[in-house]
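The values are calculated or read from the model by the stated rules, or taken from the named source; none is laboratory data. Nothing here was measured: the structure is a model prediction, and the numbers come from that model. Cβ: placed from backbone, ideal geometry, glycine included. Neighbour counts: every protein chain shown.
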Amino acid sequence: MFVGSTQAAQLMGISARRIRQLLSGGRIQGAFKAGRSWIIPLVEGMPKVSEGTRGPKARWRRKRPAPVTIIHVNQQTIRQNHSSEKPAPVISVKRGQTNTYGHEVEIYGPCRVVYRRDNPKPYGARVWIETLFPVEVITT
């Protein structure tokens with residue numbers, strides 16, 4: 001996977017100016033220039049930077065990954081809605097410690113559907129959707 005200089009700076013937790021200094025010094029391995037932009041390859045999710053000759057050893061800190069958003073459709077609530085006048089929200093969106101309920105969900109990026117028959121979630125779900133991207137929950 002390849003990223004630009006700004007994305008590489010965010011991944012490494014340093015400024016975009018420092019990335020450009022490393023690029024101009026030839027310290028980021030495999031990076032090349034296409035037109036006016038730098039193309040930087042990722043190795044295990046981070047740019048590979050060779051050590052400098054002066055100063056302390058670099059300690060690039062990898063940012064903590066965002067928690068995975070899990071979207072689950074509750075079958076029990078669907079069954080209960082058949083007999084009630086006002087339907088309860090059946091979609092549960094779990095991100096970190098928060099839980100949001102709604103009738104519709106819009107996912108702004110790639111996602112995947114997971115089925116684990118023998119290893120369900122602690123709340124009993126065997127099928128759910130996972131994404132790292134923003135999700136909008138519609139409650140009406």
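Return yes or no: is R18 surrounded by fewer than 14 Cβ atoms within 10 Å (Cβ to Cβ), at pLDDT 90 or above, out of contact with any Gly (no Cβ under 6 Å at 6 or more places or on another chain) and not small (G, A, S)?
yes
Quickly run through the stretch 63-81 and pick out the residues that are among the β-branched types (V, I, T) and not in a helix (DSSP H, G or I).
Within the stretch 63-81, V68, T69, I70, I71, V73 qualify.
Would you mind stating whether S37 is touching a residue at least 12 places away in the same chain (Cβ under 8 Å) and surrounded by fewer than 12 Cβ atoms within 10 Å (Cβ to Cβ)?
yes
Across the stretch 1-29, what is the number of residues that are outside any helix (DSSP H, G or I) and within 22 Å of T53 (Cα to Cα)?
So the count comes out to 8.
Give the residues of the stretch 82-115 that are in a loop (DSSP other than H, G, I, E, B) and over 21 Å from the mean Cα position of the chain (by Cα), sorted by residue number.
Result: H82, S83, S84, E85, K86, P87, A88, P89, V90, H103.
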